[in-house]
Amino acid sequence: MKIAYINPNSTEGMTESIVATARNVMPEVDIVGLTNSDGPAAIQGKSDGDAAVPGMLGLLPKARRDGADVIVIACFDDTGLDEARTRAGCPVLGIGQSSFVMAQLLGLRFSVITSLAVSIPVIEENIHHQGFSGICASVRASGLPVLTIDEGGPDVIARIVAEVEVAAAQDGAACAVLGCAGMAHIEPELAARASIPLIEGVAASARLAQVVARG
């Protein structure tokens, strides 16, 4: 089985981090990454997402030629997911939707902790469109840009954990969904400090990809 993660943004380091996270979760699976060199450096809001779609879709044929059984769109906004599914010729998952599915399977009401406030409307629309509004407590912005999150460090960890704790205390969240692909590699540090379970989309998608590949 082969999973191809397509990063809709142009930051190669994020693609490498995403692939490393997925391989850690599923070491027995062949996992590769493709980067949209025509995309913005980070996807923060609808305009960035719209700009990334053509280049992301353009990578679908390569992923299939390289033998992908499942393709994962590695942006929490599920950038171009619906259109990718009509074109790919194989199952396509998004890390956002995979996170919501995992929360639903675990029976947990979730809050999303994302990057900037400009991303909130996109995520809220996805939650509504995908049918998860009933189990979503809130969508919260950490106030940190995507590339700052990807850099990690103590201040980033502290800020995200603080927002997780507010979601638990004020919104009644039973778990927190990490709403940015840049959070994938820092999930262990975040989980060690958070008082509620965390769901991370790259890991969730890797696990679900095995299921959909086998039909």
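Okay, here's what the table says:
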| quantity | calculated |
| --- | --- |
| Unmet requirement for Val25, which otherwise passes all of (1) crowded, with 22+ Cβ neighbours inside 10 Å; (2) in contact (Cβ under 8 Å) with a residue 60 or more places away in the chain | (1) |
| Val72 vs. criteria more than 23 Å from Gly13 (Cα to Cα) and part of a strand (DSSP E or B) | no |
| Candidates Ser133, Ser142, filtered to the one that is open to solvent by 10 Å² or more (accessible area, probe 1.4 Å) and of a type in the set (Gly, Ala, Ser) | Ser133 |
| Residue identified as in a helix (DSSP H, G or I) and either open to solvent by 50 Å² or more (accessible area, probe 1.4 Å) or among the polar types (S, T, N, Q) (or both) among Asp48, Asp38, Asp82 | Asp82 |
| Test: residue in the range 59-67 that is open to solvent by 30 Å² or more (accessible area, probe 1.4 Å) and in contact with a helix residue (DSSP H, G or I) (Cβ under 7 Å, 6 or more places away or on another chain) | no |
| Output for the range 122-134, where each listed residue is under 13 Å from Gly179 (Cβ atoms) and in contact with a Gly (Cβ under 9 Å, 6 or more places away or on another chain) | Val122, Ile123, Asn126, Ile127 |
| Candidates Val202, Val177, Val212, Val164 - the one that is modelled with pLDDT under 95 and at negative phi | Val212 |
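The values are calculated or read from the model by the stated rules, or taken from the named source; none is laboratory data. Keep in mind that this is a model prediction, so the values were computed, not measured. Every residue, glycine among them, receives a Cβ derived from its backbone with ideal geometry; neighbour counts consider all protein chains shown. For accessibility, only protein heavy atoms count, side chains too; no ligands or nucleic acids. Shrake-Rupley method; radii C 1.70, N 1.55, O 1.52, S 1.80 Å.
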